[in-house]
Amino acid sequence: MASSPAQPVFRFAPSPNGRLHLGHALSALTNERFAASMGGRLLLRIEDIDRERCTLGLEQALRDDLAWLGLGFEPKVRRQSEHFGDYAVALAKLQARDLVYPCFCSRQGVKTAVAAEEAKSGRPWPVDPDGAPLYPGTCRALDRDVTAARIAAGEPHVLRLAMDRAIAEAGKVAFTVVDEDGRTETVTARPARWGDVVLARRDVPTSYHLSVVLDDALQGVTHVVRGRDLEAATDIHVVLQRLLGLPTPLYHFHELLTDESGRKLAKSRGSESLADLRAQGATAVQIRQQLGFD
Ligand code: GLU
């Protein structure tokens, strides 16, 4: 279904790398409520760029879970793994403007470089909002011929955004956060705190940041509704939107559900899945009510 220019477009964008838990249900239901209250469209996007962890079986399982919860998405689903060409085109645009550079460092290599910097300065190395050390810039100024030769020899590498150049080109960037009553607030992005983020992984010509930005634009998403854990990453997304000439949607960040010990629910920590709850006899109506949706 095509949207009229004024019709809001929402999306729920899970990764099929594990079973959905209550936190995902909250996110999907918040999107549904926004869409219903604004007469908007509700799209599903499958974020499956991680070809090792994402499976078609898990995708089917999450679609079954969403259907069980009574969520109705438009039938046309965008699966990121089918669009690597789109991401490669965007990367090439950034590369042509010298805004990305190849980086050959392994995770361990980054750790070692950071430890060396800390030993030299006697101070802790800065970390990004997710707590990971900022990239220390080892490959930022590599000689172009050396880089080309290493790539030609098949050395694995990622592509990183040269954040200082990106900020210089993008200028001051901001985004608008909207609450469920329609009140808005403008937030100035602080992308420098992320350093030179990865835009293309070793195995695929994209990363979470690049594909989310491209897909939101390609799907015409006007309102990105997602958890507060992705609020800080929005700084990166608005810079990429500006650099690629894409619109910046409105954003809403919902609160996160936590377990008894106060940690956010996570597939990686084995949080109870919707499938577990269903097997224990929970109904979709109970789940909706538990999460505050009637
Ligand atoms: N795929 C991401 C996740 O499952 C969400 C992406 C987003 O909403 O921007 O956490």
Problem - Dimensionless Rg over Rh [the range 1-156; C-alpha; Kirkwood] - result: 1.09
Exercise for the section: Determine the shape class of the range 1-51: with a ≥ b ≥ c the square roots of the Cα gyration tensor eigenvalues, call it rounded for a/c under 1.5, and otherwise prolate if a/b is greater than b/c, oblate otherwise. Expected result: oblate
Fill in the blank from the handout: Rounded to 0.05, the calculated FRET efficiency for the beta carbons of ASP259 and ARG97 at R₀ = 30 Å is 0.10
Exercise for the section: Using just the helices of the chain, give the 222 nm mean residue ellipticity in deg cm²/dmol: DSSP H runs with n ≥ 4 each add -39,500 (n - 2.57), and the total is spread over all residues, rounded to 500. Expected result: -11500 deg cm²/dmol
Practice task
Starting from the range 1-108, pick out the trypsin sites (Lys or Arg not before Pro) whose DSSP state is loop and whose Cβ has at most 14 other Cβ atoms within 10 Å.
Solution key: ARG51, ARG53, LYS76, ARG97
Fill in the blank from the handout: Quick calc, VAL146 & GLU231: beta-carbon distance into FRET formula, R0 45 Å, rounding 0.05, result 0.70
Handout entry: Set of aspartates and glutamates near LYS76 by C-alpha distance (under 14 Å), chain-local residues within fewer than 8 positions excluded
Key = ASP215
Handout entry: Charge dipole magnitude, Cβ of K and R +1, D and E -1 - the range 193-233, Cα centre, debye nearest 20
Key = 80 debye
Fill in the blank from the handout: For the range 132-235, the percent of accessible surface on carbon and sulfur atoms (probe 1.4 angstrom, ligands and nucleic acids excluded) is 54 percent
Completion exercise
So ALA67 and ALA36, fully extended at 0.36 nm per residue minus their Cα-Cα distance, gain in nm 9.5 nm
Fill in the blank from the handout: the chain: relative contact order from alpha carbon pairs under 8 Å, six or more residues apart, as a whole percent, is 23 percent
Exercise for the section: Tell me the trypsin sites (Lys or Arg not before Pro) within the range 198-279 that lie in a loop according to DSSP and have at most 15 other beta-carbon atoms within 10 Å. Expected result: ARG202, ARG263
Handout entry: Karplus (6.51, -1.76, 1.60) ³J(HN,Hα), θ = phi - 60°, over the range 282-289, in Hz, Gly and Pro reported as x
Key = 5, 9, 4, 4, 4, 4, 4, 5
Practice task
Please give the per residue accessible area of the range 222-269, computed with a probe of 1.4 Å over protein heavy atoms only, in Å².
Solution key: 44 Å²
Completion exercise
Simple SL model, points at 7 angstrom along Cα→Cβ for ASP294 and THR184; separation in nm is 3.0 nm
Completion exercise
Isolated cysteines for the chain, Cβ-Cβ cutoff 4.7 Å, are CYS54, CYS105
Exercise for the section: Starting from the range 13-104, pick out the GluC sites (Glu not before Pro) whose DSSP state is loop and whose Cβ has at most 11 other Cβ atoms within 10 Å. Expected result: GLU52
Handout entry: Accessible surface, per residue, of the range 14-70 when the full set of protein chains is kept, probe 1.4 Å, Å²
Key = 37 Å²
Problem - Which listed pairs, of LYS111/LYS267; LYS172/LYS267; LYS93/LYS172, have C-alpha distances above 31 Å, in listed order - result: LYS172/LYS267
Completion exercise
Classified through the alpha carbon gyration tensor (a ≥ b ≥ c as square roots of its eigenvalues; rounded if a/c is under 1.5, else prolate when a/b is larger than b/c, else oblate), the range 88-186 comes out oblate
Practice task
Any chance you could look up the accessible area of HIS21 with a 1.4 Å probe, heavy atoms only, rounded to 10 Å²?
Solution key: 10 Å²
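The values are calculated or read from the model by the stated rules, or taken from the named source; none is laboratory data. Treat the numbers as computed from the prediction; the structure is a model and nothing was measured. Glycine also receives a Cβ, built like all others from the backbone with ideal geometry; neighbour counts cover every protein chain displayed. Heavy atoms of the whole protein, side chains included, go into the accessibility calculation; ligands, DNA and RNA do not. Shrake-Rupley method; radii C 1.70, N 1.55, O 1.52, S 1.80 Å.
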